[in-house]
Every structure is written in C-alpha cells, then in structure tokens.
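Notes follow once the structure below has been shown.
The values are calculated or read from the model by the stated rules, or taken from the named source; none is laboratory data. In this text, all values refer to a predicted model and were calculated from it rather than measured experimentally. Cβ atoms come from the backbone with ideal geometry, glycine included; neighbour counts cover every protein chain shown.
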Amino acid sequence: MSPKKIASPVAHVFLDFDYTLVPEESTIQILQYALEHRRGANQIKTLIKKMGPKTSADQIQGSEIWTLIKAATYLRWKHVQRYVDKIRQQIHPAVPALFRQLHAESIQAYILSAAFKEWIQPIALEWGLEGQYVMANRFVWLGNRSLGYRPSTLLMKGKSNLLKSWLPKSQVEGPIIMVGDSTSDYKVYQKGLAQAFISADYYTPKPLDASIMPSETIKRVERPEDLFEQIMTALRGI
C-alpha cells in the first residue's frame, strides 16, 4: 500500500506494536537472534529469554535494563532484516485490513511502541503509515552494527510522557483512542491523553487486570478481527 496522508482526520488511533499488531515481544525475539551464535553470551541469552513476559507487563528492573543494553551491542542489520521477513508471515490478515478500514473512515492511525523503528517502519509502510506516524525507539548504528539504544523520551520516560510533550506541538484535533495490552498503554488514557482505551487481550500472556480499569470507556478485544469494530464503538461513545 502506498502511504497516504489523511488531510482532516475525524479521530486519531494510537496502536501498540508488540502483542497488539504482532503476536510476540519483538525486541526480545530480535535480541535472541543477535545472541544466537555468540560465544560467551549464554548468561545474557538466559536472562533475555526470562525477560519476555516481564517486558510486556512493564516489570523490567534496573539490572535487567543493563542486560538489554549489553545485548543491543550484538545486534546487526541482518538480524533486523531476518526479523522483518519472519514477522510478516505471522501477522493476522485483520491487521493490514484494520489500517485500510481506518483510512476509509478518515481516522489517522499511529503506531506508538517501546519496540524499535528499525523493524516496525518497513512493516508500517506496507500498511500505509509514513515515518512520522510511527513513534518508536531507535538504535545508534555504525555501518550495519548497533552501538546501543538512542536516548529518547520514549525510552527513558515512556509513552505517556512522550505524548504529553508531543500532542501540544502536533496540532492534533479530534478524539484520541489508545489501543494496547500493557499498563504503559493504559496510562496514556489514565493520564487524560486519550479519550478511550481498548485493551488488546488476544496475544498477551497476561491481560490487564480489570481492577485497574474501572471506567466504562475501556473496552476489551478478544480477537484481532474485532478491533476495528471496537474502535468505532469507542469513537461513537466519546
């Protein structure tokens, strides 16, 4: 699909990437690729594998962040390409259809993710999203080798803090809906940066606890093919 800009969007939908648009934690998977044949990296491999569920639940601790930083130095561009080729085969057909449906309704879609733009952007372009509509972390590169993470508000302070500074500058008008599976996604709504929140429960190994989401505005989706309908329902309720 060729990227197309919506001139006057009636609403804006921010979608998480991991466990919302793809069925896994992408950063953990790609770092496992990077460590696959590395001698002396067995301890890091073990720690990375254990971190998968904790990453989706926003439970990474300080010492584990340093493990991720170390693992990132093993990343090469070939690992990114390998992951993009692999994940394309696993994306549910309802996901690219979702972006076409949103566009048809003049709803601007964004991807807001703690994963990395290096592998999100090639896929997002196929869904019609130009670079400015993909908000994600980045690596620092020397040729085809990663030197580590690029410092950013998103990396250091999370999604809600990024949007808090971005929205006043963006001239976004109209309601905002956040879609995701983790507490970092819910906080976007909780802090008043979105008018509705949709919990994507279909991939995550640990759906969000209902006790932290008391509002009637919050909806749950059990299948990716139901996401568009739920977005439209949430929009009508705003």
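Odds and ends about this structure:
To keep it simple, each residue is scored yes or no on (1) in contact with a Phe, Trp or Tyr (Cβ under 6 Å, 6 or more places away or on another chain); (2) over 19 Å from Glu25 (Cα atoms); (3) touching a residue at least 12 places away in the same chain (Cβ under 8 Å).
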site: Arg76; (1), (2), (3): no, no, yes
site: His92; (1), (2), (3): no, no, yes
site: Leu98; (1), (2), (3): yes, yes, yes
site: Tyr110; (1), (2), (3): yes, no, yes
site: Gln121; (1), (2), (3): no, no, yes
site: Gln132; (1), (2), (3): no, yes, no
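- Residue match in the stretch 190-201 (condition: surrounded by fewer than 19 Cβ atoms within 10 Å (Cβ to Cβ), touching a helix residue (DSSP H, G or I) at 6+ places or on another chain (Cβ under 7 Å) and either outside any loop (DSSP other than H, G, I, E, B) or touching a residue at least 40 places away in the same chain (Cβ under 8 Å) (or both)): no
- When Leu98 is tested against the conditions (1) surrounded by 14 or more Cβ atoms within 10 Å (Cβ to Cβ); (2) at pLDDT 95 or above; (3) over 26 Å from Ala200 (Cα atoms), the lone failure is (3).
- Residue satisfying all of: in the stretch 220-232; surrounded by fewer than 18 Cβ atoms within 10 Å (Cβ to Cβ) and modelled with pLDDT of 95 or more; nearest to Ala97 (Cα to Cα) among these: Glu225
Residue-by-condition table, conditions (1) within 14 Å of Ala115 (Cα to Cα); (2) outside the structural domain of Ser160 (by TED's automatic domain parsing); (3) among the acidic types (Asp, Glu); (4) at pLDDT below 75:
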| residue | (1), (2), (3), (4) |
| --- | --- |
| Gln32 | no, yes, no, no |
| Glu36 | no, yes, yes, no |
| Gly40 | no, yes, no, yes |
| Gln43 | no, yes, no, yes |
| Lys49 | no, yes, no, yes |
| Gly62 | no, yes, no, yes |
| Trp66 | no, yes, no, yes |
| Lys70 | no, yes, no, no |
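- A single member of Thr217, Thr204 is part of a loop (DSSP other than H, G, I, E, B) and buried (at least 20 other Cβ atoms within 10 Å of the Cβ), and it is Thr204.
- Any hit, the stretch 135-153, residues being closer than 25 Å to Leu235 by Cβ and assigned by TED's automatic domain parsing to the domain that holds Val179: yes
- Residue within the stretch 163-170 that is aliphatic (A, V, I, L, M), buried (at least 20 other Cβ atoms within 10 Å of the Cβ) and farther than 25 Å from Ile91 by Cα present: yes
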